[in-house]
Amino acid sequence: RDSEDLPIDGLRILAGDVFVRDLIVRNFSGDGISADVAESLTLERFVTGGNAGSGIDVGALVRNVTLDTVYSGLTTDGSAADANAEYGVRIQRDDTLLSNGAVTVDSSVVSGNTLGGLWIHDQRTAANSIGVEYLVRYSRFGLDVTGKFAVPNGGFGIKIQNDADAVQVPNSAS
């Protein structure tokens, strides 16, 4: 394939402890942000929309994930859809020990995405799931930033699939 045919991600993370603050990533032919390998990934005040892939795609080799005040699938002011063609946020876990870590989605809005909002796809066996926690709090799915107007995702708001346990979703709306 020619390189011009390959999807281009807005930001690609391949290692380390990563902290990203106050960034807008829009209209890429791949994912807005793709994290394949990292000890920790923190996105704070991050906006992504209009991408041909997912807004945020986190691979199985990212240990700890924190999304704080993230808008995925919305305009920068959070008032209208700017759909990512796949998911707002996709987090994958597999049977590697690096998949054991915390996932926190806090004070975020994931709305207006074509295939769905937040998808946590956990493929770990029970033997490798010790110490894993998922916390989604103070977040909105399928609503604008004010929570007053519908900005639906094309599929689900939140989907937690397979062996995901230790899940908490307090004070969130969809």
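The values are calculated or read from the model by the stated rules, or taken from the named source; none is laboratory data. This one's a predicted model, so the numbers in the text were calculated from it and none came from an experiment. Note: ideal-geometry Cβ built from the backbone for every residue, glycine included; neighbour counts use all protein chains shown. The accessibility values were calculated without ligands, DNA or RNA, using every heavy atom of the protein model including side chains. Shrake-Rupley method; radii C 1.70, N 1.55, O 1.52, S 1.80 Å.
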So what are the ³J(HN,Hα) numbers for the stretch 6-15, from phi and the Karplus equation (6.51, -1.76, 1.60; θ = phi - 60°), rounded to whole Hz, Gly and Pro as x? 7, x, 10, 7, x, 9, 10, 10, 10, 5
For the stretch 1-82, what does the alpha-carbon gyration tensor say about shape, rounded, prolate or oblate, given a ≥ b ≥ c as the root eigenvalues, a/c under 1.5 as rounded, and a/b over b/c as prolate? oblate
Treat each spin label as a single point 7 Å out from the Cα along the C-beta direction, and report the A150 to A15 distance in nm. 4.8 nm
Can you order the peptides 48-58, 150-160, 31-41 by their average number of other Cβ atoms within 10 Å per residue, highest first? 48-58, 31-41, 150-160
Out of the trypsin sites (Lys or Arg not before Pro) in the stretch 1-82, which ones are loop residues according to DSSP with at most 15 other C-beta atoms within 10 Å? R1
Exposure ranking of L11, L74, L6 by accessible area [1.4 Å probe, largest first]: L6, L11, L74
Of E44, E133, E86, ordered by accessible area with the largest first and a 1.4 Å probe, the sequence is E133, E86, E44
5 Å is the cut-off here: which amide hydrogens, built 1.01 Å from N in the peptide plane, fall below it relative to T42, excluding neighbours closer than 5 in sequence? V18, F19, V20, T66
